[in-house]
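Right, one structure below, let's go through it.
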């Protein structure tokens, strides 16, 4: 599964839905970004319930700044509209699979109780 490109215009609607959304903030000039993209796409194929999206920080500087991206690649993961993971750097395939499994197993009611929205 290829990543869907996101812009500031469609970012909020994409991450607000049910399920798990992996958002890869990347740059075309960044070697680690170029290597991490295929790892994410392979993970999305192994986990068909996970949606994969990408943001080009060169084209979407304001969006990257708004969500606090300071390095590329940076992975943000949303579950049922809640940001549950945000880290710069590329992950290995097995670490990404473990992250997805961990996020899939989250008790979202407990997450919302612990971290109520705004």
> Where the centroid of each part is defined by its Cα atoms, how far is the stretch 5-20 from the stretch 62-117 in Å?
Replying inline: 13
> Which Rg and Dmax, in Å, describe the Cα atoms of the stretch 62-118?
Replying inline: 12.7, 34
>> So the label point goes 7 Å from the Cα of residue 92 along Cα→C-beta, right? Which residues of the stretch 20-39 then have their backbone N under 14 Å from it?
In response: none
> Over its Cα atoms, what ratio of radius of gyration to 2.2 N^0.38 Å does the chain give?
Replying inline: 1.00
> Ranked highest first by the average count of other Cβ atoms within 10 Å around their residues, in what order do 77-89, 4-16 fall?
Replying inline: 77-89, 4-16
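Rule-based calculations on the coordinates, nothing more; no lab input. Remember, predicted model here, so these are calculated numbers, not experimental data. Don't worry about glycine lacking a Cβ; one is built from the backbone with ideal geometry, like all the others, and counts go over all protein chains shown.
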